[in-house]
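A quick write-up on the structure given underneath.
The values are calculated or read from the model by the stated rules, or taken from the named source; none is laboratory data. Fair warning: this is a prediction, and the values are worked out from it, not measured in the lab. Don't worry about glycine lacking a Cβ; one is built from the backbone with ideal geometry, like all the others, and counts go over all protein chains shown. For accessibility, only protein heavy atoms count, side chains too; no ligands or nucleic acids. Shrake-Rupley method; radii C 1.70, N 1.55, O 1.52, S 1.80 Å.
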Amino acid sequence: GVLPPSPETINLLLTETMRLVRLVDNLQQLARADAARTSLHREKLVISKQLQEMLTLYRPVIEEKHLEVTTDFPPEADTVQADRDKFLQAVRNLLDNCVKYTPHGGRIAISSRRRDDGLQILFCNSGPAISSTDLPLIFERFFRADRSRGRNGGGSGLGLAITKRIITAHKGNIQVSSFPGGTVFHVQLPAMEA
């Protein structure tokens, strides 16, 4: 007769299945982000409220890694006119990136500030720099930075590509700067329409 699969084999199959499910989900998100320009449903969002809700989801891993998380959203820079689902997807991808690549005991700081031409949101995390060869490619689909930025090197390389498409669909832009000791993602969004 045929021997039943071992627990190790079953675990491996489950892990690979979940990886494929995440990849398909990311590809669907990428397709939706590519189509976002024609299907934005803008509404007024309070950024700090949305972010605090999201941070609650990450509480277990934040506590496990002993990360210090600070937020600073002054009242004049705490609202944005955006498609809720797509905007939250972009924020989640950036937060996920921060949590994943900040080393144990590190720091994450998320803040916003008013600019003459709109609003800027900064996602900063301590940790190893992204290499200068990787930096220009960070928003390309399927690109993954070198593994020194994370212990497990996981992910499909789609999160930041999806994020860039969503921000661009909102007529904004996203940039990244990295240096020994930390990385900062700068999200620039246009001023709210009256």
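What the Cβ-Cβ distance of D85 and L3 gives, at R0 = 41 Å and to the nearest 0.05, is a FRET efficiency of 0.30.
Lysines within cross-link reach of K44: Cα-Cα under 30 Å, excluding same-chain residues under 8 positions apart? Leaving aside lysines fewer than 8 places away in the same chain, those within reach of K44 are K86, K100, K164, K171. For H186, H66, H170, the ranking by accessible surface with the largest value first comes to H66, H186, H170, using a 1.4 Å probe. Set the Förster radius R0 to 25 Å, insert the Cβ-Cβ distance between R42 and D72 as r into 1/(1 + (r/R0)^6), and round the FRET efficiency to 0.05. Once the sixth-power term is evaluated, E becomes 0.50. Among T17, T102, the order of accessible area from largest down is T17, T102, computed with a 1.4 Å probe on protein heavy atoms. Modelled label positions at L55 and D25, each set 7 Å beyond Cα in the direction of Cβ, lie 2.3 nm from each other.
Given the protein chains as shown and a 1.4 Å probe, how many square angstrom of S131 are accessible, to the nearest 10? Taking all protein chains as shown, S131 has close to 40 Å².
Taking the Cα of R114, stepping 7 Å toward and past its beta carbon, and measuring to each backbone N in the range 54-88: which are under 16 Å? Only 73-81 fall inside the zone, counting backbone N under 16 Å.
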